[in-house]
1. Count, please, the residues in region A:118-157 that happen to be at the interface with chain B (Cβ under 10 Å from one of its Cβ atoms), surrounded by 17 or more Cβ atoms within 10 Å (Cβ to Cβ) and farther than 16 Å from residue B:130 by Cα.
2. For region B:20-33, enumerate the residues that are surrounded by 13 or more Cβ atoms within 10 Å (Cβ to Cβ) and in contact (Cβ under 8 Å) with a residue 12 or more places away in the chain.
3. Please pick out the residue among A:78, A:108 that is free of Cβ contacts under 8 Å to residues at least 24 places away in the same chain and within 21 Å of residue A:143 (Cβ to Cβ).
4. Would you say residue A:43 is closer than 18 Å to residue A:117 by Cα, more than 7 Å from chain B (Cβ to nearest Cβ) and surrounded by 21 or more Cβ atoms within 10 Å (Cβ to Cβ)?
5. As an exercise: evaluate residue A:41 against (1) in contact (Cβ under 8 Å) with a residue 40 or more places away in the chain; (2) more than 18 Å from the chain's Cα centre (by Cα) and give the number of the one condition it does not meet.
6. Modelled with pLDDT of 85 or more, surrounded by fewer than 18 Cβ atoms within 10 Å (Cβ to Cβ) and over 16 Å from residue A:29 (Cβ atoms) - does that describe any residue in region B:151-170?
7. Taking helices (runs of 4 or more DSSP H) that fall entirely within region B:8-107, which contain at least 3 residues that are within 14 Å of chain A (Cβ to nearest Cβ) and touching a strand residue (DSSP E or B) at 6+ places or on another chain (Cβ under 7 Å)?
8. Step by step: first the residues of region A:21-30, then only those that are under 11 Å from residue B:155 (Cα atoms) and touching a residue at least 40 places away in the same chain (Cβ under 8 Å), then the one that is farthest from the other protein chains (Cβ to nearest Cβ). Which residue is that?
């Protein structure tokens, strides 16, 4: 999925559980959360990629019409989707951080699966998880904060 | 779904749902997907076109008799015939499906009570706090010895393994790994 998005020149920052895993979290996650740049050309590219992957709202019974295009992003800028490539959550704003440009300013570049991409850095990920107020995010905080402390301790050694 | 999830899926706050239910003389709203589909349209008509909730409900009920794929549902004509309100029901259905999905997946339980103040929270060593919480620190230390690419490759393999163990019903082909 990451390769497909990068190939299509979509501008995004990886956030959420996959970002946590990239920083060392042992939690399993099978969806890709990303914060995308809301400018028109980028939304056009993102929606085209998702349409090619047959994106459909996750957990919704099939049968309802669903348009994966830039207009859909204007009415519902946050979407939780199932695609033939995997699960993906797209967000225009990260609670506690801001939009794509704020997220990018607090990100690090990782390379995996032969693809380079931006990932929200660990301190920002902790801020974002704390800001949501959701129980499942709060449950993740002790592990992420320990990771940050261990990473800082390692870098001092 | 919860009332908060219901409100999120119809693009309103919980108070609006309560008030709309009262205006429609509904003693109780069933927080179901079907009701969300109806209330979402009532919300759209009352907010975007300033149609009173009771009248919006009548228009919504008549519109929802049509197939969700309908692109032009005529809702209302001006008395002099100069204006017609037409609903793109397929677009509405698409929007509602997306909102409902987000509400179901991201509108989960909130952390109860007030969040701990940052200062109080920081008083304890985060490593000790994590250990007390049940986090396996040996695993974290092992993970930190890996490069990010190796961590993500391991995650990918683990998720692929779990998918084999837990086949679930999907309306689309099962996702590929990576």
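The values are calculated or read from the model by the stated rules, or taken from the named source; none is laboratory data. Note that the structure is a prediction, hence the values are computed from the model and not measured. Glycine gets a Cβ as well: all are built from the backbone with ideal geometry, and neighbour counts include every protein chain shown.
1. Total satisfying the criteria: 3.
2. B:20, B:23, B:24, B:29, B:31, B:33 - these are the residues of region B:20-33 that are surrounded by 13 or more Cβ atoms within 10 Å (Cβ to Cβ) and in contact (Cβ under 8 Å) with a residue 12 or more places away in the chain.
3. After ruling out the rest, the residue left standing is A:108.
4. Judged against the criteria, residue A:43 is a match.
5. Condition (1) is where residue A:41 drops out.
6. No, the conditions are met nowhere in region B:151-170.
7. Where helices (runs of 4 or more DSSP H) fall fully within region B:8-107 and carry at least 3 residues being within 14 Å of chain A (Cβ to nearest Cβ) and touching a strand residue (DSSP E or B) at 6+ places or on another chain (Cβ under 7 Å), they are B:89-106.
8. It comes out as A:27.
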